[in-house]
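The block underneath contains the structure these notes are about, expressed in structure tokens.
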Amino acid sequence: MSTLPPEIAALNIRPASECRYDAVSLGEVMLRLDPGAGRIRTTRQFAAWEGGGEYNVTRGLRRAFGLRTAVVTALADNEVGRLVEDLILQGGVDTQFIQWRDYDGIGRTVRNGLNFTERGFGVRGAVGVSDRGLTAASQLGPDDVDWDHLFGELGVRWLHTGGIYAALSETSAQTVIAAVTAAKKHGTVISYDLNYRPSLWKSIGGIDKAREVNREIAKHVDVMIGNEEDFTASLGFEIEGVDENISEIEVDSFAKMVETAAAAFPNFKVVGNTLRTVHSASDNDWGALAWSRDTGIVHATMREHLEIFDRVGGGDSFASGLVYGMLDGQPLQTAVEYGAAHGALAMTTPGDTTMVTKAEILKLAGGGSARVDR
């Protein structure tokens, strides 16, 4: 008889002993160029990081929580691609599933993605400018990866992918479908972060295309992750009583929407959502909720007026904390607290990726403070 909480037992997570990897992500990894306290338009120097909506989750699972992770992606084989690889290696994520594409010398046919990101402050919001057309990852096709080898012969407990990668091209959406289909066949749990970005869909059909693609992928997903805008834009579920900017949200209305989404997609076993109200770029209310059929809605601690240093990657760190809690067999209430705490801590440091420890996450999730540790 299982000793796991029923909502976790329902996921039927494969034993770690049967799998080489605890978690694998599918998505693009870009070079993030960060002007620090300055602005993209006036800076004379950038700090370099790696980042990607899907990759950030498994990097967090590796660096913060010590799990065995890998990334499936593609890079153009030039010095920029090798820099991205080096950054991934520093994060401890297995690189053996990176596919390398021949570089033509100027990027006419294939290139690596760049993401210029500046932090907001006060009344000035954060700004992101992506340069990712014709990237190697966007051209990765559904038949370019031996999915049965990865999920079957090697074994993977959890696959994470998302709506950013699905939006990059017709090919990338097909690649997501191939990955989740194979993962499901071999008993791998699938999580998907809707991560709606209007700029990615603008030239390929807009919100209608986003809904078409994401609703097809959603049929395969066990754990759906997003925020209020993601569920509305990507899946078409409206939230009652929320203005168009979603500056304020009635949690009860949002919870009702989550239950409506779960009824429309009976394959959803868990839904995880971040809740954010932006008072200024450096002052946000931050919280989260999660749902399962056994628990209904559970709420994480709401952190009002959370001070933000760099908001990019907060949602990805929420996802990795939530996934870790479930992989660790914790009740969903504990898992969502891990996710909310990890996201809050990640937004206190620069860059997309986490710089915090498991001990710090568990301390904050358990009600710890910011007093000095000596």
**Study point:** Inter-part distance where the stretch 251-290 and the stretch 115-175 are each reduced to a Cα centre, Å
**Key:** 22 Å
Point to revise | Bins of 5 Å from zero: percent of alpha-carbon pairs in the stretch 214-370 | key: 2, 10, 20, 22, 21, 15, 8, 2, 0
Exercise for review: With a/c under 1.5 counting as rounded, go ahead and sort the stretch 137-254 into rounded, prolate or oblate using the C-alpha gyration tensor (a ≥ b ≥ c being the square roots of the eigenvalues; past the cut-off, prolate if a/b is larger than b/c, else oblate).
Suggested key: oblate
**Study point:** Sequence-separation-based contact order of the stretch 308-374, relative, with Cα cut under 8 Å and 6+ spacing, percent
**Key:** 36 percent
Exercise for review: Place the peptides 110-121, 294-305 in order of packing, highest mean first, counting for every residue the other Cβ atoms within 10 Å and averaging per peptide.
Suggested key: 110-121, 294-305
Exercise for review: Mind grabbing the base-10 log of I(q)/I(0) for the stretch 43-88 at q = 0.22 Å⁻¹? Debye formula, identical points on the C-alpha positions, no solvent, two decimal places.
Suggested key: -0.86
Review point. If eta is 0.890 mPa s and T is 25 °C, what Stokes-Einstein diffusion coefficient results for the stretch 174-240, Kirkwood Rh from Cα pairs, in µm²/s?
Key: 197 µm²/s
Exercise for review: Whenever you get a sec, compute what percent of the accessible area on the chain sits on carbon and sulfur atoms (1.4 Å probe).
Suggested key: 49 percent
Practice item. With both partners inside the stretch 39-198, how many of the DSSP beta bridges are antiparallel, as a percent to the nearest 5? Key: 35 percent
Check your understanding: Rounded to the nearest 0.05, what FRET efficiency do residue 358 and residue 259 have when you use their Cβ-Cβ distance and R0 = 35 Å?
Key -> 0.65
Point to revise | Tensor-based shape of the chain (alpha-carbon gyration tensor, a/c under 1.5 rounded, otherwise prolate or oblate) | key: rounded
Study note, to complete from the structure: Taking Cα pairs closer than 8 Å and at least 6 residues apart, the relative contact order of the stretch 47-185 in percent is 21 percent
**Study point:** Gain in span if fully extended, residue 43 to residue 83, counting 0.36 nm per residue against the direct Cα distance
**Key:** 12.3 nm
Review point. What number, in percent, do you get for the relative contact order of the chain if the mean sequence gap of Cα pairs under 8 Å and at least 6 apart is divided by its residue count?
Key: 17 percent
Review point. What number, rounded to the nearest 500 deg cm²/dmol, is the helix-based mean residue ellipticity at 222 nm of the chain, given -39500 (n - 2.57) per DSSP H run of at least four residues and division by all its residues?
Key: -9500 deg cm²/dmol
Exercise for review: Have a look at the DSSP beta bridges in the chain and tell me what percent are antiparallel, nearest 5.
Suggested key: 50 percent
Review point. Once label points are set 7 Å from the Cα along Cα→Cβ at both residue 307 and residue 129, what is their separation, rounded to one decimal in nm?
Key: 3.0 nm
Check your understanding: Which whole-Hz ³J(HN,Hα) couplings does the stretch 116-126 yield from phi under the Karplus relation 6.51 cos²θ - 1.76 cosθ + 1.60, θ = phi - 60°, glycine and proline marked x?
Key -> 7, 9, 10, 6, x, 7, x, 7, 9, x, 5
Point to revise | nm² value of the averaged projected area, convex hull over the Cα atoms of the stretch 313-374 | key: 4.1 nm²
**Study point:** Distant-in-sequence amide H partners of residue 126 (H built 1.01 Å from N, under 5 Å)
**Key:** 120
Review point. Where the convex hull is taken over the Cα atoms of the stretch 41-119, what is its projected area averaged over directions, in nm²?
Key: 6.4 nm²
Practice item. With 31 Å as the limit, write out which pairs from 184/256; 209/358; 185/363; 202/256 have Cα-Cα distances beyond it, or answer none. Key: 209/358; 185/363
Check your understanding: Rounded to the nearest 5, what is the percent of antiparallel bridges among the DSSP beta bridges in the stretch 108-260?
Key -> 40 percent
Review point. At a Förster radius of 51 Å, what calculated FRET efficiency corresponds to the Cβ-Cβ distance of residue 109 and residue 238, to the nearest 0.05?
Key: 0.75
Review point. If you place +1 on the Cβ of every Lys and Arg, -1 on the Cβ of every Asp and Glu, and leave all else neutral, what size is the dipole of the chain about its Cα centre, to the nearest 20 Debye?
Key: 640 debye
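The values are calculated or read from the model by the stated rules, or taken from the named source; none is laboratory data. Everything numeric in this text was worked out from a predicted model, so none of it was measured. Note: ideal-geometry Cβ built from the backbone for every residue, glycine included; neighbour counts use all protein chains shown. Each accessible area value is taken on the protein alone, full model and side chains, heavy atoms only, with ligands, DNA and RNA left out. Shrake-Rupley method; radii C 1.70, N 1.55, O 1.52, S 1.80 Å.
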